[in-house]
Amino acid sequence: MDLERVQTTLKQFVRDWSKEGASERNTCYQPIIDEVLKNFSPEHCEPDKIQVLVPGSGLGRLAFEIASKGYSCQGNEFSLFMLIASHFVLNKCNQKEMYSLYPWIHQVENNLTPQHQMQMISFPDVNPSELLRPSAANFTMAAGDFLEIYTKAEEWDCVATCFFIDCANNIVDFIDKIHYILKPGGLWINLGPLLYHYSNIPGEFSIEPAYSTVREVIAGVGFEMEKEETNLKTTYGQNPNSMLQYEYNSVFFVCRKVKLET
């Protein structure tokens, strides 16, 4: 089990911090970043006063990109493996492509050539310390369970989730929590599939509602949908040279917490 987590973390280095992962980041992260910039335009607000939370932040690239635009951003991650790796990249890498690894070395099937299995990638593709220096005070990472560590109501202006909400045993709990911690009029931006990570794990409680049902729950707790796209082609930690390719038809939506009339 731990070996699988290590392998997943290695692939996350590719997705978040290598030039080889640029295509995935452009598909999965850029739509979210664009919506943050659109809804909290530096021309109409002070970015450092806008509080953005990124739960399930993995190795921190999405949160890093939002913070580098001047917003006050916090990434949240539960996995110890991801936390160690993100800390290493964000705090110990002070130049581009300092380190190299072989993320596909354990992939023994679907290789066209031996060289594909032994392909090296270098990271990070940018210098995190250089890009964050002007706004370093506005970027933090928080370790812990999303449902447990965020207890203050109406604290965040924006919550950005990418390949995250299906990581819950009960997706309704995540939706309720996001609504609870957002300020009235706050924005929730989400992109990803509904893989439901606990659905096939023996002994784990899990519910797996269809997206149409999830959408009804989102409206029911007090969100108003402002933008919605389905069948958005996305990948996650994909080996571009593999003979087997997985692709998600993800959903991308932007919804706003309804302000209650007084």
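The values are calculated or read from the model by the stated rules, or taken from the named source; none is laboratory data. None of the values given here were measured: they were computed from a predicted structure. Note: ideal-geometry Cβ built from the backbone for every residue, glycine included; neighbour counts use all protein chains shown.
Which one of GLY75, GLY21 is farther than 23 Å from ALA168 by Cα, touching a Gly at 6+ places or on another chain (Cβ under 9 Å), surrounded by 21 or more Cβ atoms within 10 Å (Cβ to Cβ) and small (Gly, Ala, Ser)?
GLY21
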Count - residues of segment 225-262 that are more than 18 Å from CYS162 (Cβ to Cβ) and loosely packed, with under 12 Cβ neighbours inside 10 Å: 6
Close pairs from segment 215-229: first closer than 19 Å to GLU35 by Cβ, partner among the aromatic types (Phe, Trp, Tyr), Cβ under 6 Å, at least 6 apart: GLU228/PHE253; GLU229/PHE252
Test: residue in segment 48-57 that is among the polar types (S, T, N, Q), on the phi < 0 side of the Ramachandran plot, assigned to a loop (DSSP other than H, G, I, E, B) and surrounded by 21 or more Cβ atoms within 10 Å (Cβ to Cβ): yes
Unique residue being under 13 Å from TRP17 (Cα atoms) and touching a Gly at 6+ places or on another chain (Cβ under 6 Å) when the list is ALA85, ALA63: ALA63
Qualifying residue in segment 162-183 (condition: assigned to a loop (DSSP other than H, G, I, E, B) and either within 20 Å of PHE64 (Cα to Cα) or among the aromatic types (Phe, Trp, Tyr) (or both)): yes
Of the criteria (1) of a type outside the set (A, V, I, L, M, F, W, C); (2) farther than 29 Å from PHE81 by Cα; (3) surrounded by fewer than 17 Cβ atoms within 10 Å (Cβ to Cβ), which one ASP145 fails: (2)
Test: residue in segment 36-47 that is in a helix (DSSP H, G or I), within 30 Å of GLU148 (Cβ to Cβ), over 16 Å from the mean Cα position of the chain (by Cα) and not polar (S, T, N, Q): yes
Qualifying residue in segment 108-116 (condition: surrounded by 14 or more Cβ atoms within 10 Å (Cβ to Cβ), touching a helix residue (DSSP H, G or I) at 6+ places or on another chain (Cβ under 6 Å) and modelled with pLDDT of 95 or more): yes
Residue ranges of strands (runs of 3 or more DSSP E) in segment 78-157 with at least 1 members more than 20 Å from the chain's Cα centre (by Cα) and in contact (Cβ under 8 Å) with a residue 60 or more places away in the chain: 99-101, 121-123
Residue count, segment 25-47 (criterion: surrounded by 20 or more Cβ atoms within 10 Å (Cβ to Cβ) and among the acidic types (Asp, Glu)): 1
